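Quick notes on the structure that follows.
The values are calculated or read from the model by the stated rules, or taken from the named source; none is laboratory data. This structure is a prediction, so every number in the text was calculated from the model and none was measured. Counting neighbours? That spans all protein chains shown, and the Cβs are built from the backbone with ideal geometry, glycine included.
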Amino acid sequence: MNRKTLIFVILALFLGVALGVGGTIGAQKVFFNTPVDSTKETAAKKTGPLLPIGEFTVNLQGGAFLKTAITVQVTDAKAGEHLKEEDAFLKDRVNSVLANKSLADVQTPDARETLRKELIERLNEVAENKITDVLFLSFVYQ
């Protein structure tokens with residue numbers, strides 16, 4: 001094999017690899033990119049201390065049960081300290097919300113998001129709007 005042919009083969013191989021990698025990256029950005037939801041983006045920007053509320057096991061409507069561990073995100077450390085004193089009231093609100101749900105109310109991701117919003121609303125009745133998010137650390141139902 002002469003020198004020109006060898007250089008041509010190496011350049012063709014390099015060009016093929018470059019086009020393959022570029023095409024893969026371009027396809028991922030164009031075809032597989034999910035649209036960014038602005039509400040989720042702003043929710044992710046909120047930061048604050050995390051306050052564990054506890055683990056809950058409740059009977060759901062219709063005979064099923066739910067076991068979950070919940071942590072809330074609060075606006076600041078001062079709010080977290082205040083809410084530690086209100087722990088019993090927060091747990092009571094969580095239990096009352098969860099016990100009024102059926103299995104269908106907790107099974108799908110959309111249903112869990114609805115449950116999260118309801119918990120934020122009900123917990124903020126006690127917390128004076130100091131809770132910004134509810135995090136489910138575990139979520140088991142049967």
Pairs, first at negative phi in the range 80-102, second hydroxyl-bearing (Ser, Thr, Tyr) and outside any helix (DSSP H, G or I), C-beta under 9 Å, six or more apart: Val94/Thr68; Leu98/Thr68
So which residues in the range 115-142 are in contact with a helix residue (DSSP H, G or I) (Cβ under 7 Å, 6 or more places away or on another chain) and among the aliphatic types (A, V, I, L, M), if there are any at all? Leu115, Leu119, Leu123, Val126, Ala127, Ile131, Val134
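Quick grid of which residues meet (1) loosely packed, with under 10 Cβ neighbours inside 10 Å; (2) under 30 Å from Leu103 (Cβ atoms); (3) at pLDDT below 85; (4) touching a Ser or Thr at 6+ places or on another chain (Cβ under 6 Å):
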residue: Gly63; (1), (2), (3), (4): yes, yes, no, no
residue: Lys67; (1), (2), (3), (4): no, yes, no, yes
residue: His82; (1), (2), (3), (4): no, no, no, no
residue: Ala88; (1), (2), (3), (4): yes, yes, no, no
Residue among Pro52, Pro35 that alone is outside any helix (DSSP H, G or I), within 21 Å of the chain's Cα centre (by Cα) and at pLDDT below 90: Pro35
